[in-house]
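Written out below as structure tokens is the structure these notes cover.
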There are 6 protein chains.
Amino acid sequence: MTSALERGRDIVRTLNPALEQVLAERYDDLVDGFSESLVEWAYGRHYARPGLDLKTRQLCTVAALTALGGQTGPQLKANIAHSLAAGASREEIVEAIWQMAVYGGLPAAINGLNVARDLFADLDRET
Amino acid sequence: MTSALERGRDIVRTLNPALEQVLAERYDDLVDGFSESLVEWAYGRHYARPGLDLKTRQLCTVAALTALGGQTGPQLKANIAHSLAAGASREEIVEAIWQMAVYGGLPAAINGLNVARDLFADLDRET
Amino acid sequence: MTSALERGRDIVRTLNPALEQVLAERYDDLVDGFSESLVEWAYGRHYARPGLDLKTRQLCTVAALTALGGQTGPQLKANIAHSLAAGASREEIVEAIWQMAVYGGLPAAINGLNVARDLFADLDRET
Amino acid sequence: MTSALERGRDIVRTLNPALEQVLAERYDDLVDGFSESLVEWAYGRHYARPGLDLKTRQLCTVAALTALGGQTGPQLKANIAHSLAAGASREEIVEAIWQMAVYGGLPAAINGLNVARDLFADLDRET
Amino acid sequence: MTSALERGRDIVRTLNPALEQVLAERYDDLVDGFSESLVEWAYGRHYARPGLDLKTRQLCTVAALTALGGQTGPQLKANIAHSLAAGASREEIVEAIWQMAVYGGLPAAINGLNVARDLFADLDRET
Amino acid sequence: MTSALERGRDIVRTLNPALEQVLAERYDDLVDGFSESLVEWAYGRHYARPGLDLKTRQLCTVAALTALGGQTGPQLKANIAHSLAAGASREEIVEAIWQMAVYGGLPAAINGLNVARDLFADLDRET
């Protein structure tokens, strides 16, 4: 049986193969073991669980980060990209964000839409 | 073409046919037009939109209400019931809640699990 | 010129003459100086300021506590009572609460309406 | 009797006549019907209600957005401008913001003051 | 070298030896591996780290749960008990809570004080 | 016996001697008495209290601001600097921040780490 860390790395390979290294370079000198701990907990102990498919998990995360408000902008951006990697369409992502106007209020939903629009524009420019 | 209110009522019929009347009895004397306005906005202007299936919409709502924290307990309970009505399994609902430990913190996720467990126990007693 | 503490006590006399003593009995043994400090800061340094009338200040507080969510229920209840003492009608209070559905989301607004309805029912029973 | 959408448009005409068009240009391609839905819900279903005057409604919104914290900065800025259009003085707006130090904490209040100061400076430069 | 799970179990032994079993009985049937995952992440990956003593870690947690608001009441109660187990005095705990009035607002601080007072009363009754 | 304002000024002298003047220049024209009121309340009525040492108070504040999320970035930055002035090491500060991943979620903790890293880099450049 694989460890939580290994299961997390399997998921990250699908969502963003560079993630652990990017996090390691940015945070491991400040917090020893940061990148490994994050992959183990977030991906190995949550996303890797059976019972809910990866694409729905990602859309749930996008919805929750939107509802939590704009201070989670950088994480929302990363998770929109991960949602695309997990097979969600842009339309599905936008719908998951806009629906949060009901639960987190209009400001949270609008700030979330702005993050999505900016990321989509970046992706269009890259191609 | 149907109005937003009619489209909302179509969705509510699937999720909880009694919802509009329950809300009307509880709140319309306090806020004139409350139940109609809620069905129009939440269900007609959001859940009735194309682009994301109803079950995923409900799981996104469950995730977001969990991340927003325990003060949304009554709404979380209602939306777990709606998620079951939209075809989600108990396991899928629990996974959407527990994953929020990553984004909203452990207390929010644990409080969400408690809401789910209590509702499942109620449902089991009823049957 | 009066001190902030005296100015705060003047305001509290209008809103709820028993407030400082109630707070003193409940909290001063736990936090030395609690009641005095609260009256000085909240009422002497904020509500006693010129530039905005007391009734509007109270309605702003009711709106904000609603938007912050149901964990502030006890404080929302107290501030609805203070709003009535400052001359706001029940209708004005309910409107300030319900409007928060736009900014804090439907769950926060509904939880706020429940607090108002329960307090109004208590007041009706007392008379 | 007018529809909620028409009643919302009447209010928006007072607060910011360009609002619906600006929102439409910015968001309607991303979320079909966004601007109409927002005007209907926020302004037609809330601000257009009887029972609380428009200026007090705006000050309640400014207070709540401040208490919800700095991630709602863009919406706070827009609603400070709407408050001025509804007849509130700068002093009344600042007081509604600063009072939130009691309920949302000092950081939220200070971030709100910064938004107000920047907007007032912009307005002074324009004239 | 010990694993994160073992390091977490060492910490939990100090704070509350029954914790993992209590969590297992309450949640492992709902979320497979819940208790192990929580001990590994919260205690093994955080509290077990060098660089900050356990008592200060607990007081930081008490402060943060207070500022996050009353919906975290059950977790605040548990962490006040853990703080006592880690050597903090009741006075230190109360001070860490009351200081949060500055950052999370008065309602959050007052709700936190209520949790502390109730727990202290329970402990006094037990002895 | 000294007043709360004087006791607050004593604490501020340790944490950041320029603080009251900086706040006065930035906010007193907008909110009459702002700087005096803040020093009296935050430092005179909280930090100056006996029962918890200044360094632990600062670490509690850093933890809470982190958990409250990135919108408190400017205040988190100031309080990390105050924590260093109160004798906390960089490592202790980083640990207080990272631990908040458990309670406020990973996004809040990561945003807090970014604030710390940027401030430490600024301090290293200055010397």
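For chain F, rounded, prolate or oblate, judged on the Cα gyration tensor with a ≥ b ≥ c (square roots of eigenvalues), a/c < 1.5 rounded, else prolate if a/b > b/c? All intermediate terms of the calculation are to be shown ahead of the outcome.
Working: a/c = 1.72, a/b = 1.55, b/c = 1.12.
In terms of gyration-tensor shape, prolate.
Report the extension gain between residue E:2 and residue E:85 in nm, rounded to one decimal, defined as 0.36 nm multiplied by the number of residues separating them, less their alpha carbon distance. Provide the component values of the computation, followed by the final result.
Numbers: separation 83, 0.36 × 83 = 29.88 nm, distance 2.36 nm.
Taking residue E:2 through residue E:85 to full extension adds about 27.5 nm, to one decimal.
Please express the shape of the range F:53-127 as an equivalent ellipsoid: the semi-axes are the square roots of 5 times the eigenvalues of the C-alpha gyration tensor, given largest first in whole angstrom.
Numbers: eigenvalues 64, 40, 20 Å².
One finds semi-axes of 18, 14, 10 Å for the range F:53-127.
Need the list of lysines near residue A:55 for cross-linking: C-alpha distance under 27 angstrom, and skip anything on the same chain fewer than eight residues off.
Within the straight-line cut-off, residue A:55 pairs with A:77, B:55, B:77.
With only Lys, Arg, Asp and Glu charged, each at its Cβ (+1 for the first two, -1 for the last two), find how big the charge dipole of the range C:53-127 is about the Cα centre; round to the nearest 20 debye. Write down the numbers at each step before the final one.
Values: 6 positive and 8 negative charges, 32 e Å.
Value, rounded to 20: 160 debye.
Calculate the mean, over all residues of peptide C:22-34, of how many other protein chain Cβ atoms lie within 10 angstrom of the residue's Cβ. Don't skip to the end; give the middle numbers.
Details: counts 0, 1, 0, 0, 4, 6, 0, 1, 10, 13, 6, 3, 6.
Per residue, the average neighbour count from other chains is 4.
Every other copy gets compared here: list the nm distances from the residue A:123 label point (7 Å along Cα to Cβ) to its counterparts, shortest first, one decimal.
Ordered by distance, the counterparts are at 3.3, 4.0, 4.0, 5.2, 5.2 nm.
Please determine, in degrees from 0 to 90 and to the nearest 10, the orientation of helix C:4-15 with respect to the longest principal axis defined by the Cα atoms of chain C, where the helix direction is its Cα long axis.
The angle comes out at about 40 degrees.
Which residue in C is nearest the C/F rotation axis when you measure from the C-beta atom, and what is the distance in Å?
So the chain C residue sitting closest to the axis is C:41, 2.
How high is the relative contact order of chain B, in percent, with contacts defined as C-alpha pairs under 8 Å that are six or more residues apart? Walk me through the intermediate numbers first.
Working: 147 pairs, mean separation 29.5, N = 127.
The normalised contact order for chain B reaches 23 percent.
Just check the protein assembly as shown against the gyration tensor rule for me: Cα atoms, a ≥ b ≥ c as the square roots of the eigenvalues, rounded for a/c under 1.5, and otherwise prolate or oblate depending on whether a/b exceeds b/c.
Details: a/c = 1.35, a/b = 1.00, b/c = 1.35.
In terms of gyration-tensor shape, rounded.
Compute, for the protein assembly as shown, the length of the dipole vector about the Cα centre, with Cβ point charges of +1 (Lys, Arg) and -1 (Asp, Glu) only. Units Debye, rounded to 20.
Details: 72 positive and 102 negative charges, 0 e Å.
In total the dipole reaches around 0 debye.
List every residue whose amide H lies under 5 Å from the amide H of residue C:89, counting only residues 5 or more places away in sequence or on a different chain, with H placed 1.01 Å from N in the peptide plane.
Residues meeting the criterion, in which the H sits 1.01 Å from N, do not exist here.
Step through the residues of the range C:116-124 one at a time and calculate ³J(HN,Hα) from phi using the Karplus curve (6.51 cos²θ - 1.76 cosθ + 1.60, θ = phi - 60°), rounding each to whole Hz and writing x for Gly and Pro.
Per-residue couplings from phi come out as 5, 4, 5, 5, 4, 5, 4, 5, 5 Hz.
Determine the per residue accessible area of chain D with all protein chains present and a 1.4 angstrom probe, expressed in square angstrom. It would help to have the intermediate numbers written out before the result.
On the way: 4630 Å² over 127 residues.
Value for chain D: 36 Å² per residue.
Let's see if you can work this out: charge +1 on each Lys and Arg Cβ, -1 on each Asp and Glu Cβ, no other charges. What is the dipole magnitude of chain D about its Cα centre, in debye to the nearest 20? Could the numbers behind the result be given before it?
Working: 12 positive and 17 negative charges, 77 e Å.
For this selection, approximately 380 debye.
The values are calculated or read from the model by the stated rules, or taken from the named source; none is laboratory data. Source: prediction; values computed, not measured. Virtual Cβ from ideal backbone geometry, glycine too; neighbours counted across all protein chains shown. Note: areas computed on protein heavy atoms with side chains; ligands, DNA, RNA excluded. Shrake-Rupley method; radii C 1.70, N 1.55, O 1.52, S 1.80 Å.
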